[in-house]
Amino acid sequence: MDNLSGFHFPAEWAQHTATWLSWPHKEESWPGKIATIYKPYCEFIKVISEGELVRINVADEQMAAFAKQQLQIVGVDLKNIEFFTFPTNDAWCRDHGPAFLINPETKEKVIVDWGYNAWGNKYPPYDLDDVIPTKIAQHFNLPAYHPGIVMEGGSVDFNGKGTVLTTTACLLNKNRNPHLNQQQIEAYLQNYYGVQQVLWLGDGIIGDDTDGHIDDITRFVNEDTVVTVIEENKNDENYHILQENLQTLKTMRLLNGKQLNIIELPMPEPVYYDGQRLPASYANFYISNAAVVAPTYRSKNDVKALDILQQCFPDKKVVGIDSTDIIWGLGSFHCLSQQEPAV
């Protein structure tokens, strides 16, 4: 393994230089609906761009021109938007984008380019997505490290103080790294994310095609506090999964021996499209410099969820953006974005 001592993956609330996105263009990800996602997607960009650069991967000048047109419709100031001609297969930059690590002592920044196989080879081709981190590293003349195993950004969440939270459902799935056991995967996480502790939850929510990404269920909101989604309806198929996660969280201890502070976040009512249950969750929020952007679903729980998140982030505004159309792609704002930390 590479020696990355002194480097770590900061918590999402640490200051960003930029947010990376990959412009959505794959119609199969939003069958019959892709035209409807651009407005909420651009509203998301508008909020982020008020506090940091937004760097967007596009296929060519034509896609960049279309993106600019869509951004201007919602009033985005283009001076904070940068386009990079790095073609992608899909829009899920959290999972195929670069993992930026920083060294606070030396003020260095590096990129870790994990392997990417579209969540267990579910949606080929993914060759363009898989090379995005190295292309970005080359452009900015940053060192790039290649662990040689599959890892997605949505499967891990960090407190910035040596702890990463993940799920066995995803990381131990045989469609990712079948040759590695739990202990070996922990060693990769510790080395290539600069953490000392891996905390494991179990299953993800129903409808999540990633096999249980953490960013749909439980998220750090500060170094010793998590929000975790809870289903109130005992007849809902998520009820027992999420209760089990809650019980597991209660047994966890951080590196300093402290229990986690656990804040419960409701789930929206089930969201269906074409008879398919979608992985709608308020946990898929994104923490930017300017604000916390949370998905809403035209649900009676939207306001309650936003209020809880606002209490978790007293120093930031929490902005809800309708994600009902975006979630048809089986992900929301956190899945679409990847932060580049400031050194």
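Some notes on this structure:
- Close contacts from the range 117-128, counting a first residue that is polar (S, T, N, Q) and a second that is exposed (fewer than 15 other Cβ atoms within 10 Å of the Cβ), with Cβ to Cβ under 8 Å and a gap of 6+ residues or different chains, come to ASN117/ASN175; ASN121/ASN175.
- Members of the range 2-59 that are of a type in the set (Phe, Trp, Tyr) and either closer than 29 Å to LEU189 by Cα or touching a Leu at 6+ places or on another chain (Cβ under 8 Å) (or both): PHE7, PHE9, TRP13, TRP20, TRP23, TYR41, PHE44
- Candidates in the range 148-160 are the residues that are in contact with a strand residue (DSSP E or B) (Cβ under 7 Å, 6 or more places away or on another chain) and surrounded by fewer than 19 Cβ atoms within 10 Å (Cβ to Cβ); of these, the one that is farthest from ARG94 (Cα to Cα) is GLY148.
- Residues in the range 44-90 that are in contact with an Asp or Glu (Cβ under 7 Å, 6 or more places away or on another chain), in a strand (DSSP E or B) and of a type in the set (S, T, N, Q): THR85 alone.
- Lone unmet requirement of (1) over 17 Å from the mean Cα position of the chain (by Cα); (2) crowded, with 19+ Cβ neighbours inside 10 Å for ARG55: (1)
- Single condition GLN190 does not satisfy, out of (1) surrounded by fewer than 23 Cβ atoms within 10 Å (Cβ to Cβ); (2) under 25 Å from PRO295 (Cβ atoms): (2)
- When residues in the range 226-237 are screened for being over 14 Å from SER299 (Cβ atoms) and in a loop (DSSP other than H, G, I, E, B), 3 of them pass.
- First in the range 94-113 and aliphatic (A, V, I, L, M), second anywhere and part of a loop (DSSP other than H, G, I, E, B) and surrounded by fewer than 22 Cβ atoms within 10 Å (Cβ to Cβ), Cβ under 7 Å, 6 or more apart: LEU101/LEU4; LEU101/GLY194; ILE102/PRO10; ILE102/VAL343; VAL110/LEU142; VAL110/PRO143; ILE111/LEU142; VAL112/PRO147
- Complete set of residues in the range 88-116 that are among the polar types (S, T, N, Q) and buried (at least 18 other Cβ atoms within 10 Å of the Cβ): THR88, ASN89
- Selection from the range 68-111 of residues that are of a type in the set (D, E, K, R) and out of contact with any His (no Cβ under 9 Å at 6 or more places or on another chain): LYS68, ASP77, LYS79, GLU82, GLU105, LYS107, GLU108, LYS109
- Taken together, the residues in the range 229-240 that are of a type in the set (Val, Ile, Thr) and either modelled with pLDDT under 95 or surrounded by fewer than 21 Cβ atoms within 10 Å (Cβ to Cβ) (or both) amount to 1.
- The numbered conditions (1) in contact with a helix residue (DSSP H, G or I) (Cβ under 8 Å, 6 or more places away or on another chain); (2) of a type in the set (Lys, Arg); (3) touching a residue at least 24 places away in the same chain (Cβ under 8 Å) are all true for LYS68 except (3).
- Of all residues in the range 5-24, one or more are surrounded by fewer than 20 Cβ atoms within 10 Å (Cβ to Cβ) and modelled with pLDDT under 95.
- Test result for VAL343, part of a loop (DSSP other than H, G, I, E, B), surrounded by fewer than 17 Cβ atoms within 10 Å (Cβ to Cβ) and of a type in the set (A, V, I, L, M): yes
- Yes/no for SER299 being hydroxyl-bearing (Ser, Thr, Tyr) and under 16 Å from the mean Cα position of the chain (by Cα): no
- Hey, ASP215 among the acidic types (Asp, Glu) and surrounded by 19 or more Cβ atoms within 10 Å (Cβ to Cβ) or not: yes
The values are calculated or read from the model by the stated rules, or taken from the named source; none is laboratory data. On a predicted model such as this, the values are computed, not experimentally measured, just so you know. Here Cβ is always computed from backbone atoms with ideal geometry, including for glycine, and neighbour counts include all displayed protein chains.
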